[in-house]
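*Asks:* Have a look at this one.
Bear in mind that the values in this text are calculations on the coordinates, not laboratory data. Since we're looking at a predicted model, the values are computed, not measured. With ideal geometry, Cβ positions are generated from the backbone for all residues, glycine too; neighbour counts draw on all protein chains shown.
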Number of protein chains: 2
Amino acid sequence: MKGKNMASWIWYHGDFEIYQAMKQNFDREERGMNWPAYWYTSGWNHNVYFWKEFQFDHAQTFSTIIQGKGYGKLINLEDSQETKFILGSQMTCPAGHFRIEIYVGNLSGLPCAFIEGKEIYSDHSWKASNFLGDDVIAGTSQFFTNSKQNPMHFEYSHKIQNAKRIEIVNGGTLLDFGHDLTAKTMIQFFEQFQMMVLCYGESRTEALDVADAYLKHEIRMHDDPDGSYDESTKTFTTKLRAFRYIYVPDISSLDDIGTIFVNFEFVKFPKIGAFESHDSKLNQIWRVSDRTLRLCSGIFFIDGIKRDRWVWAGDAFQCFYMNRYDFFDKEIVERTVLGLRGELDIKQHLDTIVDYSMYWLISIELYYETFADKTFVEAVYPKMKQLIDFSLEATDKLGFIHERKGDWIYIDWADFDHEGALCAEQMVLARALQSVIKISKLLNQDAQEYEATYQRLRVNIDKYFWDEGKQAYIDSYESGKRHVTRHANIFAILFDYVDEKRTQTIVKKVLRNPLIATINTPYFKFWELEALAKVGSYQDVLDTIKAYWGGMLDNGATTFWEYFDPKEKGAARYAMYGDKYGKSLCHAWGASPIYLIGRYLVGLRPTQAGYKTFEIEPQLSLLGDFNAKFPLSEKGDYVSLESKNKYLLIQATKKGGTLLVQDKQITIPTDHQLKLSFNDLY
Amino acid sequence: MKGKNMASWIWYHGDFEIYQAMKQNFDREERGMNWPAYWYTSGWNHNVYFWKEFQFDHAQTFSTIIQGKGYGKLINLEDSQETKFILGSQMTCPAGHFRIEIYVGNLSGLPCAFIEGKEIYSDHSWKASNFLGDDVIAGTSQFFTNSKQNPMHFEYSHKIQNAKRIEIVNGGTLLDFGHDLTAKTMIQFFEQFQMMVLCYGESRTEALDVADAYLKHEIRMHDDPDGSYDESTKTFTTKLRAFRYIYVPDISSLDDIGTIFVNFEFVKFPKIGAFESHDSKLNQIWRVSDRTLRLCSGIFFIDGIKRDRWVWAGDAFQCFYMNRYDFFDKEIVERTVLGLRGELDIKQHLDTIVDYSMYWLISIELYYETFADKTFVEAVYPKMKQLIDFSLEATDKLGFIHERKGDWIYIDWADFDHEGALCAEQMVLARALQSVIKISKLLNQDAQEYEATYQRLRVNIDKYFWDEGKQAYIDSYESGKRHVTRHANIFAILFDYVDEKRTQTIVKKVLRNPLIATINTPYFKFWELEALAKVGSYQDVLDTIKAYWGGMLDNGATTFWEYFDPKEKGAARYAMYGDKYGKSLCHAWGASPIYLIGRYLVGLRPTQAGYKTFEIEPQLSLLGDFNAKFPLSEKGDYVSLESKNKYLLIQATKKGGTLLVQDKQITIPTDHQLKLSFNDLY
């Protein structure tokens, strides 16, 4: 936790995240190739200044370190006298009313400053200007509070890990680290450097497939582009890669050569969310989900750790939900929101995907609901407005959004009828408009036009896409095919766009209709299970979690996958996108049981922004005996509950909690553990 | 000159210039401070790809070097099969119809590529994409045609120079290099490193003023932020600075210590323009102008070499004119145009100045008139359109342009009546619209709206700003003061916005009216003298050149100054902007005699784009005996003429020339020197 007047590195709000997101999105590797993300990459401001006004009775000293080139300016606000000063050494601000300005230009990196002094120090109370329009608040990070740091180099945590198991296979050595890791491989040679090949694999099959492994490294002592050799310690260190296995072909014994270990690189997040029950399979699903989510959570929520390592708004959106039931980290959400969105002027949908832009807009509402931080929402509002306006430019006279050149209407990997406007896309547009309206009102901004747009869109969705005969929303009203997929119908339930009667119809005619194509991605299974939970089908949610995620465990998963089809066997399980090892075996969206368990089975949800009030409605009979603990704030607050032998014990570290069981509403105590007998509850 | 299939480094068109312009605009130093330019600094694309289609009967090999991270893709256009490939090593494109794509992301610098092969090699015939909208042509430079180069490091020429004169003053050593230079200072120690202070000065006064010199360096052996010491050669090399003098205080003899010399850094431009007459003062003015212009011409036309070292559109605009009569370099104009304008989306007027945006627009017409390169004009047209549209957004219902927040309506350092719309600004807006219309028509783009806007503006300028009583254009029609300055009236003549009668009236009532405040900057003296030349007052032009620029020579100038007031004496001559040494003594706009002599006294001008036809109308009686040579193309063509003993000798290396003397029109020969007797001419 930060002290009250601890200095932070400051930058133009959002630019640290743009810089780091670009670095992240340029970090993909495939078979010796670097693969920068295939979309427009937003730049950051290279030339900025920071300013703050001070009023002192006594002179104050301070010193300023910057990344870049620049100078300082001290402006006496009483006589407008300006004094320029050199940065790097100590400066004195006399008594009086002054404005301090720190100018920083950085050609190759992020212009940022660190100002240290008793009363004058850099933090989020400073303003930043890029010499255009409105100044913004300075951006900060809890990771950068030391003058010796450079915000261009993220402060990761590291841990040396040895292989959990070493095996000799086909005359080579196979190291198994137990589960996926993102790490630098280190080879400490006993006597002297020796050429060797490292074949990486998320699966054993991949690592042993020397010809086709996705990541392979023929290490060279000198001029190795992907690693370096330190003569003094006789240690070769590779670049960062994600894997569970390393196979060293042709070396059947490392004993005379050296030791191979890895330097695991990660961002430490608090351990708050916990779940354990009498059901060991469910417990394992929780643990593996938690591991998967943590591995995919670094500077940003990324999609997967081996491939793509990119920041995708759809994947991140689901992580925002999971985060609430696991580590409740505020800054990773802010970083991901800002990194995804880029500079103020929008030029392309996020990751080129129209629905991803919509999720980003909704995520601001979600952010506020989670953290109730109005300052951040205010800072990001201009970017929100530009994005919705940019999106609405592509709507027709009915209010339906269409693909422009270069846009991608995605929704899911599914067989949609894409002719003309797609219903599911209109649903997410409507939902995004609701978020824009909500946030606009929160910030006392006029939202009338957005409201009118939203109302008209809702009316037209029902008018054009609802099929009375099929009792379902159809993909396209223009093609005449009147094709039904689950997606729009799931959204209609999730977004409360249908009344009780129509909800039940949809459940029957679509969700429980085997003739409607099934959902094939864990990504959309998230929404489908949420819709089922919403209509009270908790048993379905539990069963599906155990069957689908449990099925991955049965297939040897130690982290959850991007895609799982129980019918696939052998090496085929690892293939995707036409690539033998194209499937990510540690994929953020595979971790959704965290959310589904926390939100629906244990049943925690905020009822006021920032969990000022919250409800918990556990499915006691469904879960049987269990222990659970979920965060309530980024400060470490939590609610814990235990269900054991027909008793429920519950306590929170924070007021505002209500336990719901049957029709009962019971205040959750903060000063003692409440013990309730099921006999009294039911 | 480039060979026919010589490979070039390629980048997203305009981005090399944006990158280098940022570097340039961050290069200012003042008393130990770095001073990045105080405006919004456009970024470049960090993530791009280059592509070209090929059709071959035989397989072709090629290899690709990039700056950044990326990969290649070979797409068979017959079967759409895609093959990704690693860059850096040789690749084969089979026979058939293929598209090659090279993907490059660069976090910290300019993504660019160099592709070498017999038939497959990078040049301006490749296209570049930033994953948005329309692809652009690849940018290239004649300076980057070698795989070993890095376009982020400009290829300067260097020359070691010794002081022309060494003097002992006040116990220190003063080195005089004869005139301003931009150079790294090198100190080669005989025995060992010795701490010393270097005080730089454009003037002797400044260098000797150890306390207040603008540039000073206390050299340190280790960790010197502004230089480095090479132990092996015992040589200390400083960063680049501009100066004529170096003073080393407290060291009265360097004999036992070492040698100080400088490494002059410059961009080599051809020596084509030349002028020499019987008038030695005028000759010296030409030579010093030429030196001044060359010193201020690097990657870009910058304003001045000591201070600011920034790219200013107003200053550069005048250099574009001078360039035509001196080295006729095409690429420096292109670089400056692109560096000034920045990325496609415009966010702020160039250098924040509204009139500078207008000059930039006019400069595209000037560029085309000079070089007739439609490809470049086409490439820059979208940026032209965005800039005029951005500008017109700030016009009122009469069509007059106003200042928005952060805009600067500059025109000149003069006492304008700034209430409401300023007349001179409307004149340059009208002129800029004419350029936009002209270029739009050249490119077969619709210009009807711009034409209507222009016509209305012209009518309203005359309606609102022409004062019948004063017979002059007034600054403001809104203030009621009806104040007259020269500026708008000069523009009216220059832009042909007044008929013969009104022109004569303006000359009498404004230009020759001592009650109207005089022009105080060489910058606007350029336009004033041009207006006088336009009305045939060549004698005035010559007299003013000799008095004003000759006056600087009399004050010891060896390069021309930013500002010259003959009344200032002593150290006061070097002060400006409230700084003792704030005045630039080597300032591009001081070099305008090159243009005034070439364009009006010798009288050369193109009459068709690219000098396809040109006229020369020398002021023979005014100049007396002289030799002159001026470029006609970037390929080295020129026209030369000599006036001697009442004979005129003239010849050109290029057809299309017409000599005008009195009412006579004489074709300028290319195969022999034409000799004409004044008796026949007059």
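*Asks:* Mind listing the long-range amide H neighbours of B:Ser277? Cut-off is under 5 Å, sequence gap 5 or more, other chains count too, H placed in the peptide plane at 1.01 Å from N.
*Replies:* Excluding prolines and chain starts, which carry no amide H, the hits are B:Asn283, B:Asn627.
*Asks:* Next question. Taking a point 7 angstrom from the Cα of A:Lys405 along the C-beta vector, which residues in region B:118-159 have backbone N less than 12 Å away?
*Replies:* B:132-136
*Asks:* Please compute, over every Cα-Cα pair in region B:11-139, the percentage with a separation greater than 20 angstrom.
*Replies:* 49
*Asks:* Something else now. Hey, got a sec? Which chymotrypsin sites (Phe, Trp or Tyr not before Pro) in region A:184-213 land in a DSSP loop and have at most 16 other Cβ atoms within 10 Å?
*Replies:* Within region A:184-213, the qualifying chymotrypsin sites (Phe, Trp or Tyr not before Pro) (loop, at most 16 other Cβ atoms within 10 Å) are A:Phe190.
*Asks:* Residues of A:24-32, mean number of Cβ from any other protein chain within 10 Å of their own Cβ, rounded to a whole number?
*Replies:* Counting Cβ atoms of other protein chains within 10 Å of each residue's Cβ and averaging gives 4.
*Asks:* Going by how many other Cβ atoms sit within 10 Å of their own, how do B:Phe144, A:Phe495 line up, fewest first?
*Replies:* Final ranking by Cβ density, sparse to dense: A:Phe495, B:Phe144.
*Asks:* Shifting gears a bit: For region B:7-28 and region A:418-481, what is the separation of their Cα centres, given in Å?
*Replies:* 45
*Asks:* Could you tell me what a quarter of the Cα convex hull surface of region B:157-266 works out to, in nm² with one decimal place?
*Replies:* 6.4
*Asks:* Among the aspartates and glutamates, which have Cα under 16 Å from the Cα of A:Lys654 when same-chain residues fewer than 8 positions away are ignored?
*Replies:* Here the aspartates and glutamates satisfying the reach criterion relative to A:Lys654 are A:Glu615, A:Glu634, A:Asp637, A:Asp671.
*Asks:* Based on Cα positions only, what radius of gyration and what Dmax would you give for region B:47-108, in angstroms?
*Replies:* 11.9, 40
*Asks:* Can you compute the charge dipole magnitude of chain A about its Cα centre, using +1 on each Lys and Arg Cβ and -1 on each Asp and Glu Cβ, nothing else charged? Give it in debye, rounded to the nearest 20.
*Replies:* That gives chain A a dipole magnitude of about 1200 debye.
*Asks:* While we're on this one: Among all the lysines, which ones have a C-alpha under 23 Å from A:Lys281's C-alpha, if same-chain residues fewer than 8 places away are not counted?
*Replies:* Counting by Cα, and skipping residues close in sequence, A:Lys281 has these lysines nearby: A:Lys164, A:Lys271, A:Lys525, A:Lys546, A:Lys567, A:Lys569, A:Lys629, A:Lys644, A:Lys646.
*Asks:* Just to confirm my numbers, what's the Cα centroid distance between region A:137-156 and region B:141-181 in Å?
*Replies:* 39
*Asks:* Ranked highest first by the average count of other Cβ atoms within 10 Å around their residues, in what order do A:583-590, B:468-475, A:339-346 fall?
*Replies:* A:583-590, A:339-346, B:468-475
*Asks:* Given labels modelled 7 Å from the Cα in the Cβ direction, how far is it in nm from A:Ala547 to A:Ser677?
*Replies:* Taking the simple label geometry, A:Ala547 and A:Ser677 are separated by 3.9 nm.
*Asks:* Each residue of region B:503-515 in turn: what ³J(HN,Hα) in whole Hz from Karplus with 6.51, -1.76, 1.60 and θ = phi - 60°, glycine and Pro shown as x?
*Replies:* After applying 6.51 cos²θ - 1.76 cosθ + 1.60, I find 4, 4, 4, 4, 4, 6, 7, 10, 4, 9, 9, x, 7 Hz.
*Asks:* If the limit is 30 Å between Cα atoms, which of A:Lys405/B:Lys397; A:Lys330/A:Lys438; A:Lys148/A:Lys583; A:Lys374/A:Lys509 go over it?
*Replies:* From the list (A:Lys405/B:Lys397; A:Lys330/A:Lys438; A:Lys148/A:Lys583; A:Lys374/A:Lys509), the Cα-Cα distance tops 30 Å for A:Lys405/B:Lys397; A:Lys148/A:Lys583; A:Lys374/A:Lys509.
*Asks:* Now for a different question. Going by amide H atoms built from the backbone, whose H comes under 5 Å of the H on B:Phe301, apart from near neighbours?
*Replies:* B:Thr336
*Asks:* 5 Å is the cut-off here: which amide hydrogens, built 1.01 Å from N in the peptide plane, fall below it relative to A:Thr173, excluding neighbours closer than 5 in sequence?
*Replies:* Those qualifying (amide H under 5 Å, at least 5 residues apart or on another chain) are A:Val248, A:Asp250, A:Ile251.
*Asks:* In Å, what is the Rg of the alpha-carbon atoms in the protein assembly as shown, and how long is Dmax?
*Replies:* Rg, Dmax (Cα atoms, Å): 36.1, 128.
*Asks:* On to the next question. Placing unit charges on C-beta atoms (Lys and Arg positive, Asp and Glu negative, everything else neutral), compute the dipole magnitude of region A:306-351 about its Cα centre in debye, rounded to 20.
*Replies:* The dipole magnitude comes to about 140 debye.
*Asks:* Expressed as a rounded percentage, what relative contact order does chain A have, with Cα pairs under 8 Å and six or more residues apart?
*Replies:* 12
*Asks:* When you look at the Cβ of every residue in A:104-114, what mean number of other chain Cβ atoms sits within 10 Å?
*Replies:* 4
*Asks:* On to the next question. Can you order the peptides A:643-650, B:42-49, B:19-26 by their average number of other Cβ atoms within 10 Å per residue, highest first?
*Replies:* Ranking the peptides A:643-650, B:42-49, B:19-26 by packing returns B:42-49, B:19-26, A:643-650.
*Asks:* Working out 0.36 nm times the residue gap between A:Ile168 and A:Ala575, then minus their Cα-Cα distance, what length gain in nm do you get to one decimal?
*Replies:* Full extension from A:Ile168 to A:Ala575 adds 144.0 nm.
*Asks:* Now for a different question. Give the peptides B:310-321, A:666-677 in descending order of average Cβ contacts within 10 Å, highest first.
*Replies:* B:310-321, A:666-677
*Asks:* To the nearest whole number, what is the average tally of beta carbon atoms from other chains within 10 Å of the beta carbons of peptide B:37-43?
*Replies:* 6
*Asks:* With a point put 7 Å past each Cα toward its Cβ, work out how far A:Gln471 is from B:Lys463 in nm, to one decimal.
*Replies:* Those two pseudo-labels are separated by 6.9 nm.
*Asks:* Between B:Asp212 and B:Thr83, how many nm apart are label points set 7 Å from Cα along the C-beta direction?
*Replies:* It is 7.2 nm.
*Asks:* Quote the charge dipole size of region B:11-139 about the Cα centre in Debye, to the nearest 20; the model charges only the Cβ of Lys and Arg (+1) and of Asp and Glu (-1).
*Replies:* 380
*Asks:* Consider a paramagnetic label point 7 Å from the Cα of A:Ile160 along Cα→Cβ; state which residues of region A:219-260 have an amide N under 13 Å from it.
*Replies:* Output list for this probe position: A:233-236, A:259-260.
*Asks:* Moving on. To the nearest µm²/s, what D does Stokes-Einstein give for region B:481-559 at 4 °C and 1.567 mPa s, using the Kirkwood radius over alpha carbon pairs as Rh?
*Replies:* It diffuses with D of about 97 µm²/s by this estimate.
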